[in-house]
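Accompanying notes for the structure given below.
The values are calculated or read from the model by the stated rules, or taken from the named source; none is laboratory data. Not measured: the values here are computed from a predicted model. Backbone-built Cβ (ideal geometry, glycine too); neighbour counts: all protein chains shown.
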Amino acid sequence: MDDTPTLATRAVTAGRSAQGSSLAPPLWGTSTWQTEGLDDTRKRALGMRAADFYSRYANPTVRAFEEAIADLEGAEDALAFASGMGALASTVLALCSAGDHVVAQRQIYAGTSAFLIGPCARLGIETTFVDGTEPGAFAAAVRPGRTMLVVAETPSNPRLDLVDLDEVGAITGPFTLVDSTFATPIGQQPLRHGVDLVLHSATKGICGHNDATLGVIAGAAELLDPIWAYGVLHGASASPYDALNGLRGIRTLAVRQRHQADAALHIAEALRDHPGVAAVHFPGLSDHPQHDLAVRQLSCLPTVIAVDLAGGVDDARAMLDDLRVARPATSLGGPETLVCHSATSTHVSVGPDEQAAIGITPGLVRVSIGLEDPDDILADLRRAIPAPG
Ligand SMILES: Cc1ncc(COP(=O)(O)O)c(C=O)c1O
């Protein structure tokens, strides 16, 4: 019998190796440590992720957060950053040079695509975007000897399209990276599918309280060490205060995620019958085109649904103005139910044609289901969504 503790148990036990008998993790709110002479300083300055030197290099509170994420993802190690974008930018720039090629998913967080299209292209790193829901699309776009990195995001922001993790994990040659923010480690563990790196905007469900901005990647130490060496110079290092909130969030992650995912499914099913709703996108729905993949791949559903309003942008505006329980705001995974209009918020940098191509219709609103009573959330959304006529 496999007696490995489950994810819910590990969420409570992980990342405690340096906290002694204290139940709560200590906050190392220092930027620097006192050294003892030149030889000692030199040793610390040259050490890989050297402890007790300078917080941009390593910090014990941040290290505890990294240890917890590595445990949950089944990774050898993890590396935290100041944000999800800090993690993404540092990783791409650590692994890719001028002349290299990246394959990335078209349905992706707009900050990620903007980074690849803008600064990366300017630095001579070319990206090919592919439909991540199309079987074989990532592998077909790989240019042997030139493609350095494959970037997938599943479930994707904002429509929760899924990518087959086995397919990404089977790609040989380039490094493979999966942004698993919408799943959290409770929903899936991409490394178990052969993927090289998993990335999270821990700002979302992992921290879980809308009070921290934090990113993290996890994978083999051999791959993380050069990313760390670049990251020290890039400077998007995680704050120990945010890492503390990350650890606090991890302790309750499994319970929050399961509760919010159950509520998301309940609300997604109920909203389909609303006369003002053209479509609800949620892979937990039995008629979702990727439901079979969701069943195979996700150990817990996501906590976000995407609702396409029949009346387009006018209905979206009216809905956001009329919320009483939910709140208009970007971000997700926190205790408050948040509603955002994708075309004018998270994906505002994406042109109208590309928005249409990736299913971001004028009426698409993303709803992050919070911890309020699911029936109160549902009643609020039902009332706020305008009915036709
Ligand atoms: C899927 C995904 N990845 C990355 C990011 C960037 O994370 P952060 O805002 O922590 O930089 C976001 C932000 O919304 C996201 O939704």
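Here are the numbers for the structure shown:
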quantity	calculated
Single residue of A254, A243, A229 found to be under 30 Å from R49 (Cβ atoms) and more than 19 Å from the chain's Cα centre (by Cα)	A229
Residue within the range 210-228 that is in the same structural domain as A51 (by TED's automatic domain parsing), farther than 22 Å from V151 by Cβ and touching a Ser or Thr at 6+ places or on another chain (Cβ under 7 Å) present	yes
Output for the range 145-185, where each listed residue is within 21 Å of A80 (Cα to Cα), part of a strand (DSSP E or B) and either in the same structural domain as I358 (by TED's automatic domain parsing) or of a type in the set (S, T, N, Q) (or both)	T176
Matching residues, the range 86-104, being within 23 Å of P155 (Cβ to Cβ), within 15 Å of the ligand (Cβ to nearest atom) and in contact with a strand residue (DSSP E or B) (Cβ under 7 Å, 6 or more places away or on another chain)	G86, A87, L88, T91, V92, A104
Search result, residues across the range 240-268 that are polar (S, T, N, Q) and farther than 18 Å from R16 by Cα	Q257, Q260
Selection status of A170, among the small types (G, A, S), in contact (Cβ under 8 Å) with a residue 12 or more places away in the chain and within 11 Å of the ligand (Cβ to nearest atom)	no
Matching residues in the range 7-50 - criterion: being more than 23 Å from I206 (Cβ to Cβ) and in a loop (DSSP other than H, G, I, E, B)	G20, S21, T30, S31, W33, Q34, T35, E36, G47, M48, A50
Test: residue in the range 105-114 that is away from the ligand (no atom under 16 Å from the Cβ), closer than 19 Å to S180 by Cα, in contact (Cβ under 8 Å) with a residue 60 or more places away in the chain and not aliphatic (A, V, I, L, M)	no
Matching residues, the range 196-212, being more than 8 Å from the ligand (Cβ to nearest atom), assigned to a loop (DSSP other than H, G, I, E, B) and among the β-branched types (V, I, T)	I206
Filter result (of a type outside the set (A, V, I, L, M, F, W, C), without any contact (Cβ under 8 Å) to a residue 24 or more places away in the chain, within 23 Å of S180 (Cβ to Cβ) and within 16 Å of the ligand (Cβ to nearest atom)) within the range 295-340	T330
Residues of the range 346-386 satisfying the condition of being in a loop (DSSP other than H, G, I, E, B), out of contact with any strand residue (DSSP E or B) (no Cβ under 7 Å at 6 or more places or on another chain) and closer than 12 Å to A316 by Cα	P362, P386
Top-ranked residue in the range 176-195 [being of a type in the set (V, I, T) and more than 14 Å from the ligand (Cβ to nearest atom); ranked as surrounded by the most Cβ atoms within 10 Å (Cβ to Cβ)]	T176
Out of T181, T154, T172, T147, sole residue that is of a type in the set (S, T, N, Q) and closer than 19 Å to H291 by Cβ	T154
Some residue of the range 239-251 being surrounded by fewer than 16 Cβ atoms within 10 Å (Cβ to Cβ) and either among the hydrophobic types (A, V, I, L, M, F, W, C) or touching a helix residue (DSSP H, G or I) at 6+ places or on another chain (Cβ under 7 Å) (or both)	no
